[in-house]
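Notes for the one structure printed next.
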Amino acid sequence: MIRTDFHEGGVCVITPESARLTAAVAGTFRDEATRIIEGGHSRLVIDLSDVSFVDSSGLGALVALLKRVGNRGEVVVCGLGEAVAQMFRITRMERVFQSFPGPREAVLHLAQ
């Protein structure tokens, strides 16, 4: 359900392997990403480059990861397509998650 790429400084890029982050896959995505957090990674980049649609369940999974990380780290997103970016704006999630054009920029930010 997810691909992971680990970088120096404990930054982990998590990429959903589904074009749609909806109720059908959000729980599995959240559970797999939570295992990464429980494994000690607290600086996460969620790469949504290949995701064309996110519903409220998908957003809920992202918020759950943010809560799970808490003050120990940071969760950022990158690669938002227009439909996903619009959903973030409508739900005001752009105020909750810092967004970057791609994973490279996000990793550089978190590695500082």
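What the table below lists for this structure:
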| quantity | calculated |
| --- | --- |
| Rounded to the nearest 10 Å², the accessible area of Leu80 at probe 1.4 Å | 50 Å² |
| Antiparallel %, DSSP beta bridges [both residues in the chain], to 5 | 30 percent |
| Heavy atoms of Phe6: accessible area, 1.4 Å probe, square angstrom to 10 | 110 Å² |
| Inter-label distance, nm, simple model (7 Å from Cα along the C-beta direction), Ser52/Arg89 | 2.0 nm |
| Cα-based equivalent ellipsoid, the chain: semi-axes from gyration tensor eigenvalues, Å | 19, 15, 13 |
| For region 1-53, share of DSSP beta bridges that run antiparallel, in % to the nearest 5 | 50 percent |
| Accessible surface of region 51-110 [probe 1.4 Å, protein heavy atoms]: carbon and sulfur percent | 53 percent |
| Ellipticity estimate at 222 nm from DSSP helix runs (n ≥ 4, -39,500 (n - 2.57)) divided over the chain, nearest 500 | -13500 deg cm²/dmol |
| Computed E for Arg35/Glu105 - FRET, C-beta separation, R0 22 angstrom, nearest 0.05 | 0.30 |
| Residue-normalised accessible area of region 31-112, expressed per residue, 1.4 Å probe, Å² | 52 Å² |
| Per DSSP, loop trypsin sites (Lys or Arg not before Pro) in region 1-103 with at most 13 further Cβ within 10 Å | Arg92 |
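The values are calculated or read from the model by the stated rules, or taken from the named source; none is laboratory data. None of these values were measured; they are calculated from a predicted model. Counting neighbours? That spans all protein chains shown, and the Cβs are built from the backbone with ideal geometry, glycine included. Just so you know, the surface numbers come from the protein's heavy atoms only, side chains and all, with ligands and any DNA or RNA stripped out. Shrake-Rupley method; radii C 1.70, N 1.55, O 1.52, S 1.80 Å.
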